[in-house]
Amino acid sequence: YMIRNDNQVSFHIAVDDKEAVQGIPLERNAWHTGDGNGNGNRKSIGVEICYSLSGGDRYYKAEDNAAIVVAQLMKQYNIPISKVRTHQSWSGKYCPHRMLDEGRWNSFIERVQNAYNGGGNNMKWTMKSGGLGVNLAQEIMDKLAEFKVKGNLVYEADGIFYLQCEPVDDRNKLGAITWYFKDYKGWYCEVYQVQA
C-alpha cells in the first residue's frame, strides 16, 4: 500500500478486506496523525483502513477487519478502549474521513469493543443476492454446493428469485460465494449481520 508514496506519510498497519499488513515495527514511530513530533505520531499505533475512497463494499469489510486488528492490539498492549482515537483527535486532520462523513465512529468503537470481548457471539452473517432470473437457479445451487454454503432460493413473482444464505458465525465463510456474485459475475449481493 505504500508503493509510489512520495508523501511524508506512513503507518504501522494497513487493513483491507482480506488481511492486515504491518509495514513498520510497532516500536517505531510513524507519520500518520498530522501532529508532527507530537504524541499522535510518536506514541500511538497507526492503523489505516484501505479503500476509503473507492472501495465500495470492500471498504466496509476492511473496516470490520480493522475493528478486529485494533481489538488484538488492545489485548497485546493493554490499551483501554478510551485510548482508541481518530487521527482527527490528535491534530484536527479530518481522518478517518469516510467513517466521519458517514457518522460511524461510535459504531466502529462498539465493534472494536465487541471484538475485544470475544465478540459477535450473538450475531451471525448472511448474504442476500439481488433479483436473478430463474434460468440461473441450477448454476447458483451448484455454486452453493461447491463453496459449501447453505442457502435457499426464494422465488418471487414473474420467475425472479434471490439467494438467501443461511447465517454463519464467520463472515469469511461467505467470502467465496460473495466473490462469485460480485467480482466474478458482477451480480449484486449484500452481506449483513443478523441476530442469532
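The values are calculated or read from the model by the stated rules, or taken from the named source; none is laboratory data. Treat the numbers as computed from the prediction; the structure is a model and nothing was measured. Please note: Cβ atoms are built from the backbone with ideal geometry, for glycine as well, and neighbour counts cover all protein chains shown.
Tabulated data for the structure shown
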| read-out | value |
| --- | --- |
| Output for region 155-192, where each listed residue is of a type in the set (A, V, I, L, M) and either assigned to a helix (DSSP H, G or I) or closer than 13 Å to Met127 by Cα (or both) | Ala157, Leu163, Val168, Leu174, Ala176, Ile177, Val191 |
| Residue within region 132-143 that is within 30 Å of Val69 (Cα to Cα) and touching a strand residue (DSSP E or B) at 6+ places or on another chain (Cβ under 9 Å) present | no |
| Count - residues of region 38-52 that are in a helix (DSSP H, G or I), charged (D, E, K, R) and buried (at least 20 other Cβ atoms within 10 Å of the Cβ) | 0 |
| Looking only at region 17-37, and only at residues there that are at pLDDT 80 or above and touching a strand residue (DSSP E or B) at 6+ places or on another chain (Cβ under 8 Å), the one that is surrounded by the most Cβ atoms within 10 Å (Cβ to Cβ) | Ala20 |
| Within region 5-16, considering residues that are within 21 Å of Ala62 (Cβ to Cβ) and in a loop (DSSP other than H, G, I, E, B), the one modelled with the lowest pLDDT | Asn5 |
| Helices (runs of 4 or more DSSP H) completely within region 53-107 that count 3 or more residues being of a type in the set (S, T, N, Q) | 57-77, 88-91 |
| Subset of region 114-136 that is at pLDDT 85 or above and part of a helix (DSSP H, G or I) - its residue that is farthest from Pro80 (Cα to Cα) | Asn135 |
| Every pair of residues 6+ apart whose Cβ atoms lie under 6 Å, when the first sits in region 167-189 and is on the phi < 0 side of the Ramachandran plot while the second is part of a loop (DSSP other than H, G, I, E, B) and buried (at least 19 other Cβ atoms within 10 Å of the Cβ) | Ile177/Val149 |
| Selection count where residues are of a type outside the set (S, T, N, Q) and either closer than 20 Å to Asp16 by Cβ or crowded, with 19+ Cβ neighbours inside 10 Å (or both), scope region 75-89 | 2 |
| Close pairs (6 angstrom Cβ cut-off, 6 or more residues apart or separate chains): in contact (Cβ under 8 Å) with a residue 12 or more places away in the chain in region 148-165, assigned to a helix (DSSP H, G or I) and not hydrophobic (A, V, I, L, M, F, W, C) anywhere | none |
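Yes or no, residue by residue, for (1) within 16 Å of Lys61 (Cβ to Cβ); (2) out of contact with any helix residue (DSSP H, G or I) (no Cβ under 6 Å at 6 or more places or on another chain); (3) small (Gly, Ala, Ser):
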{"site": "Arg104", "(1), (2), (3)": "yes, yes, no"}
{"site": "Gly118", "(1), (2), (3)": "no, yes, yes"}
{"site": "Gly130", "(1), (2), (3)": "no, yes, yes"}
{"site": "Phe147", "(1), (2), (3)": "no, no, no"}
{"site": "Glu156", "(1), (2), (3)": "no, yes, no"}
{"site": "Phe161", "(1), (2), (3)": "no, yes, no"}
{"site": "Asn172", "(1), (2), (3)": "yes, yes, no"}
{"site": "Tyr184", "(1), (2), (3)": "no, yes, no"}
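For every residue, the table says whether it meets (1) under 17 Å from the mean Cα position of the chain (by Cα); (2) surrounded by 15 or more Cβ atoms within 10 Å (Cβ to Cβ); (3) hydroxyl-bearing (Ser, Thr, Tyr).
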site	(1), (2), (3)
Ser129	no, yes, yes
Met141	no, no, no
Leu144	no, yes, no
Asn152	no, no, no
Gln164	no, no, no
Tyr180	no, yes, yes
